[in-house]
Amino acid sequence: MFGISYKKNELQINNEINDKEIRLIDADGTMLGIVSISEALELAFQKDLDLVKISPNAVPPICKIADYNKTMYEKAKKKKEARKSQKIVVLKEVRLSVKIGENDLNLKSKNAHKFLLEGNKVKVSIRFKGRQQKYKEDGIEVLTKFADTLTEVGDIEKAPSLEGRTMIMIVSPKKK
């Protein structure tokens, strides 16, 4: 391994494989058993294919007779499919105040409604300033009123809780 450097995600092929014995799988998927590396290379060259090390951590390592380029293409394709199926959840924030008016609350509620329909989570926060810290019950009342307007599209993931001077509640979209 001193003269050869391997890329992290790249598979070893043909003469790069240093093991004495390997578990061999044929091109059609049949198990050929444990064979020496020279036998495996001979079989691969007879079929005009490559010997590809699939599972290097197994004892003995598992190799397959296959077309290397095709194997790498399929691996990249699977990786791309996995990335495509991932859902990225974004956390949007809506800030309220303790003495928020009815119309302002409705406007903020419409924005949060839109965020939830897009599949994003919504963090609703109220910042207490000065003497407002005495009236934490008012903050909880505003947050529950806000949550009631979103019951058809969202569920409360984290109930209203006080973190320093800020009261936070997290609403996630309803499961379909």
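Could you sort the peptides 117-126, 54-63, 72-81 by per-residue average Cβ neighbour count (10 Å cutoff), highest mean leading? Let's see the in-between values first.
Details: 117-126: 18.1, 54-63: 15.0, 72-81: 11.2.
Descending mean neighbour count gives 117-126, 54-63, 72-81.
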q = 0.11, 0.13, 0.16, 0.20 Å⁻¹: log10 I(q)/I(0) that the Debye formula gives for the chain, counting C-alpha atoms only: -0.61, -0.68, -0.90, -1.22
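Under a point-charge model restricted to the Cβ atoms of Lys and Arg (+1) and Asp and Glu (-1), what is the dipole moment magnitude of the stretch 91-173 relative to its Cα centre, in debye to the nearest 20?
Using Cβ point charges on Lys, Arg, Asp and Glu, the stretch 91-173 gives about 480 debye.
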Using the charge dipole of the stretch 115-176 (Lys, Arg: +1 at Cβ; Asp, Glu: -1 at Cβ; taken about the Cα centre), state which of Ser161, Leu143, Phe115 has its Cα farthest towards the positive end. Ser161
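Show me the chymotrypsin sites (Phe, Trp or Tyr not before Pro) within the stretch 118-176 that DSSP assigns to loop and that have at most 13 other Cβ atoms within 10 Å of their Cβ.
On the way: sites: Phe128, Tyr135, Phe146; in loops: Phe128, Tyr135.
For chymotrypsin sites (Phe, Trp or Tyr not before Pro) across the stretch 118-176 that sit outside H, G, I, E and B with at most 13 neighbouring Cβ atoms in 10 Å, the list reads Tyr135.
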Mean 1/r over distinct Cα pairs of the stretch 91-173, inverted to a Kirkwood Rh in Å, yields 12.6 Å
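We did not get these values from a lab; they are worked out from the coordinates using the rules stated. Model, not experiment: these values are computed from the prediction. Note: ideal-geometry Cβ built from the backbone for every residue, glycine included; neighbour counts use all protein chains shown.
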